[in-house]
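The values are calculated or read from the model by the stated rules, or taken from the named source; none is laboratory data. Since the structure is predicted, the reported quantities are computational estimates derived from the model, not experimental observations. So basically every Cβ, Gly included, is an ideal-geometry build from the backbone, and we count neighbours across all protein chains shown. All accessible areas refer to the heavy atoms of the entire protein, side chains included, with ligands and DNA or RNA removed. Shrake-Rupley method; radii C 1.70, N 1.55, O 1.52, S 1.80 Å.
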Amino acid sequence: HTISKYKIVTMPNTRSSISGRDVLQPLGNILPTTPGRQVKALKSELEKKESENDTLKNNIADLTKALDSLNLVKEKAAYAIDSGSTAPKDIKKKTKDPDAPDPAMSAYRFFSDEMKKNDSSKAGKELQLLWKECKG
């Protein structure tokens, strides 16, 4: 015996339809599902869930960044309120030991000192560009 894909539905009486007229409508969900249809439905459902998960992960990342920045601002504000100013006053600058040796001069410092001795008009960017040309 065969299963029909359509069922007969009697349309309600309306002005535009003739009373008692029968119309065929697809059965849709009444048909038994085959493994191929089940797989297709499950794949489409999985794709939807994966896209939802991706959007949720992006939302979580955005919210985490916003929360971190808010916490940073909150900590800065609490520090400013506690100390009365934005700069810490307890930190003392180390005094330089007068007997300590001078740090070694780099090649760039030797180069720039010699260039300044030869031509005092060169400074800053010009010396940097000349140094890059000399280094190769």
Exercise for the section: Taking 7 Å along the Cα-to-C-beta vector as the label spot, tell me the LEU63-MET105 distance in nanometres, rounded to one decimal. Expected result: 6.1
Fill in the blank from the handout: Applying the gyration tensor rule to the Cα atoms of segment 45-136 (axes a ≥ b ≥ c; rounded if a/c under 1.5, else prolate if a/b exceeds b/c, else oblate), the class is oblate
Practice task
Run the 1.4 Å probe and let me know the accessible area of TYR79, rounded to the nearest 10 Å².
Solution key: 100
Problem - FRET efficiency, GLU45 to LEU70 (Cβ-Cβ, R0 30 Å, nearest 0.05) - result: 0.20
